[in-house]
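Let me begin by presenting the structure, written as structure tokens, before commenting on it.
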Amino acid sequence: MTAITLNVNGASHAIDVEDRTLLVHALRDTLRLTGAHIGCDTSQCGACTVHIDGRAVKSCTVLAAQAVDSEIRTIEGLAKGADLHPMQAAFREHHGLQCGFCTPGMIMMAVDIARRHPRPDDATVRAELEGNLCRCTGYHNIVKAVIAGAAAMEGLA
Amino acid sequence: MNVAPSTTAKFGQSVKRVEDSRLITGNGRYVDDLLLPGQTYAAFVRSAHAHARIASIDTSSAAQMPGVVRILTGQDLVDAGLAPLPCGWNLDSVDGTPARVAVHRALATDAVRFVGEPVALVIAETRNQARDAADAVFVNYEELPTVVDLRAAIAPDAPQLHADIPQNRAFTWGIGDAAQVDAAFARASHKVGIELRNNRLVPNAMEPRAINAEWRTFDRSMTIHLTHQNPIGMRVMFMMLLGLESENHLRVVSPDVGGGFGSKAPAYPEELAVAFAARAVGRPVKWTAERTESFLTDAHGRDHITTAELALDDQGHFLAIRVHTLANFGAYVSTSNALVVSYMYATMLTGQYNIPAAHALVEGIYTNTCPVDAYRGAGRPEAAYLIERLANLAAQEIGVDQAEIRRRNFIRTFPHQTPLVYCYDSGDYEGCLDAALRLADYAGFESRRAEARARGKLRGIGLSAYVEACGIGPSRLLASLGGAGSMWESCEIRVQPAGSVEVLTGAHNHGQGHQTVYAQLVSERFGIPMDRITVIQGDTDRIQAGTGTYGSRASVGLSAAARSCDKIISKGREIVACMLGVEPDQVDFEDGIYSSAATNQTVAFAEMAHAAHAAASFPTDRIEPGLVATTFFDPPNFTYPAGVHVCEVEIDPETGVTEVVAFNAADDFGTVANPMIVEGQVHGGVTQGIGQALWENAVYDPETAQLLTASYMDYGMPRADSLPEFGLTFWPSPTPVNPLGMKGCGEAGAIGSPPAVINAVCDALGIAHMDMPASPEKIWRICRQRSEMA
């Protein structure tokens, strides 16, 4: 076991992990932040997407020990108290989720898409979401939600 | 954390979902999120061979590894008396003999019959310790020949999976009138025929299967946290399989369920083994499937080989259909598959058409593959695909447009008794067709085709007119057809003294938005705000009765809820009559207010609720205090949702890649509870259908029976960048078979879309048929062959 410190959602956590522990397992099992989900074992589905230093990263592709010097943000840290992040609000408004399992990863990815493409069009959003799988929605409403959420983040909505 | 609006809602409005606030903030609660005191973890030892005798299992070194609590083998489970898995539907072959159902144990004992079949179970202190020890269990296999192909499996020299089941045939079941069909074919002017495969699919709910089971020695009872579509049904099943003393010794809790699509409806061997293990070790045991395990062992869908013929008169009217289907069951019979391939498939083969004569034979066949069971549509997509492919072949044969051939054959009067058991209650098939054609600008297609040709692309358009069967019941009919379980749904409504309402139903949400839709219904009926209503599901300690969510059966549970609302309102009328000193028939109820013209007084719903509990204003020998109503709704007939899908594709002949450039649909779901949610259901269903038609395919190696498509890198999941925007409209004919007029919408998208896509691909290429998935390779070969010939 190795002692590490993770900075997650603005708080510092000193934890012991096995060297081989993935970030997603440290978040879910040790810190009990269960919003990041595990939907595959090949880094394809994107359900575990979190932000590391502001960039969307699949947390199954990172060892917990690799994230010690970074600021990690999870879906639990996106809203400000009871005030939803504009992207969260957009997913609700546009029915961008059904079972909700891919949703935390989708939203964290969407925030990063909006950071890089402030006013993304349909094709841009679809291309950017290629690494996030959803089996419920057919992506139709997710794409609408991301475009609307990006506009809201720009203060355009 | 659920945030419901503080306003009243109407049934039929696009109310935003109540459940979203927890799911978008990371506060969803799925089974894998739960950790229990004393938690242990399970990992399975799985067969790497598709067919082998188990000569020996050596667990000795694995047992010495760090953290190992217990290792269980199949023999341990048999020795402890654990029952094999059940078959949920009884079919007889045409010769009257009962189906041959293979013994299916939670862990294999003598032999393994598909890759991934569980052989042993390791319980350890951590997930990694369980996995490490599972890798150290040594199983000595003696390999046996395998069979994957359906025709090879029934050949005389085929490897036989089960000693007591010759030629791997579970049954040969038939339906319809073969003599009538023969007579119709004898006088037919035209015949069209087809041989097709309905490709095997992997359901791929994004949340993998998961269970966390805890045993309490002091009262010999168990709690199972289970991601499942039918937690209440699983209680009685697991009680019996585990040999628990009564239903009251087992609680099943299904929290948020991350998608199901049918794959979370069966009783699975892994979950049974884990529940058994929890009792054996006396500590909570948790197992969550890894995605590879999901690919290998979640019940797959479809997998038919079918030959069929359609007889036509000289005007293209359909006279008769004759069908012979080989249905792949995999290595064992999963819970509902005998139903899926019979009464959910063959009964639907006449589609939306007035076909006087029909006959179908279905052979259920074992192969060295993962068991097959219900997957979104469950039999109906296979039927719709067949008849809608035949309809297009008929149009070509007669020389008429694909819309016209359908117009000539639509059923136009209802109720309509088909030649295959079912009686369609309502519909407007031609109206639906016209609505879809308008939406798709069908009239303008040829100019789009010409424009695409100028760009070097092959553009095609495909129609499909599907009908399906949902909300199945009544239970008595199903029992007569072979059903081993009932199909009613219950709903209890409890009104609290301050007027807030609990709605308890045995249906279980796994993405459909039940918390919203049930609350909408109750909000409208009682005239109270949405935030006064809580919908409770998925816990057998709170809901005693139910049959779960599958087969697009929201209409059944919501009808039970509507009846319970009526009972509450009616009791309220009696209470208010006493309060106002009038007769009950002098009391009206509207928008949450009881009133009586006789006295000009009003009583709000919440005041009535308080009075019902105070029990001071009415005689309790005549009117019981309290305000609770329960309904068990057993549907008097199936419902028959229908619709028309129109798909447009563009094919790049240089690469063989097909792009779906437009997809439009007009659907008759009867009454639409929440258009936003229902459209979402169609989006998802159509996407799964496009996936089946173009990309998805579970492929087993023909020699080794290894699953070659066991990850998201190999299996063609639909992704955001491969899909169009969808155009949808509703063309409702509300059904008379339930009080709400609802027909069901969850599976329709996956039923109507595959034939629309393939009809479009065939139209673009000018070919008669191409099996799914219409992969770039297949299309490229056709285009290449043509360019070489040119």
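Quick notes on this one:
- For residue B:720, the test of being surrounded by 23 or more Cβ atoms within 10 Å (Cβ to Cβ), of a type in the set (A, V, I, L, M, F, W, C), at pLDDT 95 or above and not assigned by TED's automatic domain parsing to the domain that holds residue B:563 is passed.
- Test result for residue A:27, farther than 15 Å from residue A:104 by Cα and crowded, with 23+ Cβ neighbours inside 10 Å: no
- Checked against (1) surrounded by fewer than 17 Cβ atoms within 10 Å (Cβ to Cβ); (2) free of Cβ contacts under 8 Å to residues at least 24 places away in the same chain, residue B:449 passes all but a single condition, namely (1).
Conditions (1) of a type outside the set (Asp, Glu); (2) in a helix (DSSP H, G or I); (3) in contact with a helix residue (DSSP H, G or I) (Cβ under 6 Å, 6 or more places away or on another chain); (4) at pLDDT 95 or above, marked per residue:
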residue	(1), (2), (3), (4)
B:295	yes, yes, no, yes
B:311	yes, no, yes, yes
B:316	yes, no, yes, yes
B:321	yes, no, no, yes
B:342	yes, no, no, yes
B:347	yes, yes, no, yes
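- Strands (runs of 3 or more DSSP E) contained in segment A:1-90 and holding at least 2 residues more than 20 Å from residue A:134 (Cβ to Cβ) and more than 14 Å from chain B (Cβ to nearest Cβ): A:2-8, A:11-17
- Tally of residues being closer than 22 Å to residue A:80 by Cα and of a type in the set (A, V, I, L, M) across segment A:10-46: 5
- Residues in segment B:291-301 include none that are crowded, with 23+ Cβ neighbours inside 10 Å, among the aromatic types (Phe, Trp, Tyr), over 23 Å from residue B:698 (Cα atoms) and within 14 Å of chain A (Cβ to nearest Cβ).
- Screening B:377, B:427 for residues that are assigned to a loop (DSSP other than H, G, I, E, B), out of contact with any helix residue (DSSP H, G or I) (no Cβ under 7 Å at 6 or more places or on another chain) and small (Gly, Ala, Ser) leaves exactly one candidate, B:427.
- For segment B:770-790, the set of residues classified as part of a loop (DSSP other than H, G, I, E, B), touching a residue at least 60 places away in the same chain (Cβ under 8 Å) and closer than 20 Å to residue B:449 by Cβ consists of B:774 only.
- The set of residues from segment A:28-76 being among the acidic types (Asp, Glu) and over 23 Å from residue B:22 (Cβ atoms) comprises A:41, A:53, A:69, A:71.
- In segment B:335-368, the residue that is surrounded by the fewest Cβ atoms within 10 Å (Cβ to Cβ) out of those that are of a type in the set (S, T, N, Q) and over 14 Å from the mean Cα position of the chain (by Cα) is B:354.
- Unmet requirement for residue B:209, which otherwise passes all of (1) touching a strand residue (DSSP E or B) at 6+ places or on another chain (Cβ under 8 Å); (2) farther than 26 Å from residue A:101 by Cβ: (2)
- Selection count where residues are under 20 Å from the mean Cα position of the chain (by Cα) and either in a helix (DSSP H, G or I) or assigned by TED's automatic domain parsing to the domain that holds residue B:547 (or both), scope segment B:219-254: 6
- Test: residue in segment B:189-199 that is farther than 23 Å from residue B:325 by Cβ, surrounded by fewer than 18 Cβ atoms within 10 Å (Cβ to Cβ) and either modelled with pLDDT under 95 or of a type in the set (Lys, Arg) (or both): no
- Residue ranges of helices (runs of 4 or more DSSP H) in segment B:432-546 with at least 3 members assigned by TED's automatic domain parsing to the domain that holds residue B:610, under 22 Å from the mean Cα position of the chain (by Cα) and over 30 Å from residue B:225 (Cα atoms): none
- When residue A:146 is tested against the conditions (1) surrounded by fewer than 23 Cβ atoms within 10 Å (Cβ to Cβ); (2) modelled with pLDDT of 95 or more; (3) not small (Gly, Ala, Ser), the lone failure is (1).
- Among the residues examined, residue B:595 does not qualify as part of a loop (DSSP other than H, G, I, E, B) and not aliphatic (A, V, I, L, M).
- Whichever residue in segment B:247-261 is surrounded by fewer than 24 Cβ atoms within 10 Å (Cβ to Cβ) and within 14 Å of chain A (Cβ to nearest Cβ) and, among such residues, is nearest to residue B:83 (Cα to Cα): B:255
- Looking only at segment B:19-52, and only at residues there that are among the β-branched types (Val, Ile, Thr) and facing chain A (nearest Cβ under 10 Å), the one that is farthest from residue A:88 (Cα to Cα): B:25
- Condition met for residue B:697 (surrounded by fewer than 24 Cβ atoms within 10 Å (Cβ to Cβ) and either away from chain A (no Cβ under 14 Å) or in contact (Cβ under 8 Å) with a residue 40 or more places away in the chain (or both)): yes
- If the condition is being outside any helix (DSSP H, G or I), among the hydrophobic types (A, V, I, L, M, F, W, C) and within 14 Å of another protein chain (Cβ to nearest Cβ), then segment B:741-769 contributes only B:745.
- Conditions (1) of a type outside the set (Ser, Thr, Tyr); (2) crowded, with 24+ Cβ neighbours inside 10 Å; (3) within 31 Å of the chain's Cα centre (by Cα): number failed by residue B:764: (3)
- Answer from B:742, B:770 - the residue that is out of contact with any Asp or Glu (no Cβ under 8 Å at 6 or more places or on another chain), assigned by TED's automatic domain parsing to the domain that holds residue B:429 and closer than 20 Å to residue B:558 by Cα: B:742
- Looking only at residues in segment A:107-133 that are within 10 Å of chain B (Cβ to nearest Cβ) and within 14 Å of the chain's Cα centre (by Cα), the one that is surrounded by the fewest Cβ atoms within 10 Å (Cβ to Cβ) is A:131.
- Tallying residues that are surrounded by fewer than 16 Cβ atoms within 10 Å (Cβ to Cβ) and over 30 Å from residue A:25 (Cα atoms) within segment B:127-148 yields 4.
- Where strands (runs of 3 or more DSSP E) sit wholly within segment B:619-687, those with at least 1 residues that are within 14 Å of chain A (Cβ to nearest Cβ) and either under 21 Å from the mean Cα position of the chain (by Cα) or among the aliphatic types (A, V, I, L, M) (or both) occupy B:642-652, B:657-668.
- All of (1) surrounded by 21 or more Cβ atoms within 10 Å (Cβ to Cβ); (2) on the phi < 0 side of the Ramachandran plot; (3) more than 10 Å from chain A (Cβ to nearest Cβ); (4) more than 20 Å from the chain's Cα centre (by Cα) hold for residue B:705 with one exception: (2).
- From the options B:280, B:273, residue that is crowded, with 22+ Cβ neighbours inside 10 Å and either away from chain A (no Cβ under 14 Å) or more than 30 Å from residue A:138 (Cα to Cα) (or both): B:273
The values are calculated or read from the model by the stated rules, or taken from the named source; none is laboratory data. Every value quoted in this text rests on a predicted model; they were computed, and no experiment measured them. Here the Cβ is made from the backbone with ideal geometry for all residues, glycine too, and neighbour counts use every protein chain on show.
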